Structure formats: C-alpha cells, structure tokens
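Below you'll find the structure, written out as structure tokens, and then a few comments.
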Amino acid sequence: MSDDEHRFTGMYDECRQRVWAYLVSRAGRQVADEVVSETFAIAWRRLEDVPEPALPASSPARCGTPPR
C-alpha cells in the first residue's frame with residue numbers, strides 16, 4: 001500500500017462514520033450516503049490539500065454534536 005493509500009484509508013476509517021452521522025442529522029440517510037461518497041471521492045483526488053487532522057477538533061462532525 002502506498003503512503004497516500006495508507007493516509008487516505010486512515011482518514012476514511014477515522015472520519016467516515018462521524019461525517020455520515022452529522023449529515024444524517026442534518027439531511028437524512030439518502031443524502032448522507034451520497035454526500036459522504038462524493039466527499040471521500042474528492043478527498044482522494046485532492047489528498048494533498050486535505051489538512052492534518054482531516055477534521056478539526058471544533059468540527060461538529062468531530063465533536064458528534066451538530067449545531068442547531
């Protein structure tokens with residue numbers, strides 16, 4: 001596995017569920033599935049632009065508490 005593949009896989013494993021849960025709370029399951037899929041496809045294509053960490057500590061998806 002290349003360094004890029006390893007980084008992407010780690011980011012995906014760490015972030016996908018939290019991003020999906022946040023989106024479900026805001027837009028529903030169907031939209032969340034589509035947006036998560038597209039988000040990570042873009043993240044793979046633009047991996048060099050993804051910051052470390054991928055989700056900042058202040059992100060609602062990271063904290064698990066969506067703003068209302």
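Taking the condition under 11 Å from the mean Cα position of the chain (by Cα), modelled with pLDDT under 95, of a type in the set (A, V, I, L, M) and surrounded by 10 or more Cβ atoms within 10 Å (Cβ to Cβ), does residue 47 pass? The answer is no for residue 47. Annotation: of all residues in the stretch 51-68 being surrounded by 15 or more Cβ atoms within 10 Å (Cβ to Cβ) and among the hydrophobic types (A, V, I, L, M, F, W, C), the one that is modelled with the lowest pLDDT is 61. Within the stretch 1-28, residues that are β-branched (Val, Ile, Thr) have Cβ atoms under 9 Å from residues that are surrounded by fewer than 11 Cβ atoms within 10 Å (Cβ to Cβ) in these pairs: 9/1, counting only partners at least 6 apart in sequence or on another chain. Just for the stretch 6-38: of the residues that are among the β-branched types (Val, Ile, Thr) and surrounded by 15 or more Cβ atoms within 10 Å (Cβ to Cβ), which one is farthest from residue 54 (Cα to Cα)? Ranking the candidates gives 24 first.
The values are calculated or read from the model by the stated rules, or taken from the named source; none is laboratory data. The structure displayed is predicted, hence computed values, not measured ones. Virtual Cβ from ideal backbone geometry, glycine too; neighbours counted across all protein chains shown.
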